[in-house]
Amino acid sequence: MRGQFHTDGIMDRNYWIFSALLTLLVTCNLLSGQAWADPMVYVVQSGDALSSLARRYNVTVQQIRDWNQLDGDLIRIGQQLTIHPERGSRRRTGSSRSSSTVHTVQPGDRLSQIARSYDVSVADLVAWNRGLDPDRIRVGQEIRIQRQGREVRRITYEVQPGDFVARIARRHHVSINDIVRWNDGLDPDRIRIGQQLVIYVEGPEQPSRSVGRANAGRLVNGEQLPGHRGYRIRDRDRAWATNETVRYILGGFDTVLRVHPRAHRVAVHDLSRERGGPMRGHRSHQSGRDADFAYYQRRCSGGTCPVRRVRPDNLDVETQWTLFSHWIRHDQVQYMFVDYSLQRVLYEYARDQGATASQLDEWFQYPHGRNTARGIIRHQRNHADHVHVRFTCSDDDDECR
Ligand SMILES: [Zn+2]
């Protein structure tokens with residue numbers, strides 16, 4: 001008899017949870033109020049893979065296969081794919097404030113740069129903007145950027161010493177015009193320290209939190225690093241991180257493949273565990289902001305560069321610097337631990353690419369010696385076979401140190 005009651009209790013509870021979930025689902029659907037938009041036609045670019053397209057449009061690889069009657073993963077440059085971004089099953093329920101952003105063309109803008117800054121392709125921009133001629137854009141022209149299916153959340157950003165609006169915009173992947181639009185009456189040339197700015201950033205409704213320090217912290221609502229053509233993950237159970245860390249890593253490797261379509265993959269070793277905390281073999285990696293990557297090497301058999309000791313003449317400096325400079329220029333990294341022996345070739349390459357003396361000084365510990373506490377790129381023991389990257393805290397994460 002008691003057993004019977006017990007079972008009933010569970011059934012009652014299950015029923016209650018079930019109906020609550022159902023109500024939630026229905027409510028979310030009503031709230032998001034989506035109208036099925038027309039499918040888009042995407043023209044395959046060099047470097048594209050089904051997996052990266054799936055991620056970009058928040059759909060699954062299988063959905064893209066189904067919509068285009070594809071059997072495998074093979075796609076070719078110029079091929080047209082039908083995609084229904086709003087039907088993505090990877091879309092999580094939550095608020096989607098806006099489905100598109102407008103970029104107003106600034107003096108000196110080129111379409112390829114605009115595409116890069118929004119992590120989309122030129123072909124996307126052409127598809128989203130009727131009559132857009134990639135070779136002829138004019139200052140003041142408005143270009144629509146689709147953000148369908150992605151969740152957006154509102155944060156309040158407090159202006160820090162040394163900030164300027166362009167930098168804040170770059171760091172949050174929005175345009176200066178967006179920030180002006182979201183903050184009534186803002187004069188972008190006159191912001192003051194401590195001023196609060198409203199910014200809408202992409203990310204889930206329940207954002208991740210990096211709590212405490214990287215060597216004594218934890219991770220809440222972490223996200224697992226998805227696959228990417230640019231890297232190979234050693235252990236998915238040790239590939240958890242904050243939403244921002246994941247976004248920064250994907251953006252970095254997207255850029256690498258855009259600039260170097262034939263780049264090898266690199267091995268990704270550990271990030272953090274699902275809930276962070278201590279992890280065997282690492283002192284830090286506890287709060288979802290650390291990641292270890294193999295170096296890009298001139299010779300890597302099998303297409304993936306492994307974690308192994310690299311000498312300066314075997315470092316693929318061009319590709320490595322593309323990755324590093326993406327993160328540095330977007331203010332996404334706090335530190336990168338790189339053996340001192342490898343810093344010089346990177347430094348000289350960055351200089352040859354036009355980095356100024358003050359940029360070099362800000363970015364590199366070299367040539368001041370391996371024991372000096374300076375530079376984003378600095379020496380730590382045991383980093384001749386991999387680079388350890390500490391990504392920045394997100395601005396609305398007060399518990400992150
Ligand atoms: Zn590490």
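Every number here is computed from the coordinates shown, using simple stated rules; none is lab data. The structure presented is a predicted model; accordingly, all values stated were derived computationally and were not measured. Cβ coordinates were reconstructed from backbone atoms using ideal geometry, including for glycine residues, and neighbour counts include every protein chain displayed.
Using the Cβ atoms and a cut-off under 12 Å, what net charge is assigned to the surroundings of Arg213, where Lys and Arg are +1 and Asp and Glu are -1? Result for the neighbourhood of Arg213: +3. Ser284: net charge of surrounding residues, Cβ under 9 Å, Lys/Arg +1, Asp/Glu -1, itself excluded? It works out to a net charge of +3. Pairs of Cα atoms nearer than 8 Å and 6+ residues apart set the relative contact order; for the stretch 209-391 it is 21 percent.
Amide H contacts of Gly230 (H built 1.01 Å from N, in plane; Pro and chain starts excluded): no residue 5 or more places away or on another chain comes under 5 Å. Taking a sphere under 11 Å around the Cβ of Ser51 and counting the other residues whose Cβ falls inside, with K and R at +1 and D and E at -1, yields a net charge of +1.
Using a cutoff of 8 angstrom between alpha carbon atoms and counting only pairs six or more residues apart, the relative contact order for the stretch 147-237 works out to 31 percent. Near Ile143, the amide H atoms lying under 5 Å from its own belong to His103, Thr104, Val105; only residues 5 or more places off or on other chains count, and H is placed 1.01 Å from N.
Backbone geometry of the stretch 120-125 corresponds, through the Karplus equation with coefficients 6.51, -1.76 and 1.60 at θ = phi - 60°, to 3J(HN,Hα) couplings of 10, 9, 4, 4, 4, 4 Hz, x marking Gly and Pro. The equivalent ellipsoid of the stretch 209-391 has semi-axes of 24, 19, 15 Å, largest first, where each one is the square root of 5 times an eigenvalue of the Cα gyration tensor.
Phi angles of the stretch 275-292 translate, via the Karplus equation with coefficients 6.51, -1.76, 1.60 and θ = phi - 60°, into HN-Hα couplings of 10, x, x, x, 9, 4, x, 9, 8, 9, 6, 9, 10, x, 10, 10, 8, 10 Hz per residue; Gly and Pro are given as x.
Fully extending the segment from Arg401 to Gln195 would add 72.0 nm, taking 0.36 nm per residue of separation and subtracting the current Cα-Cα distance.
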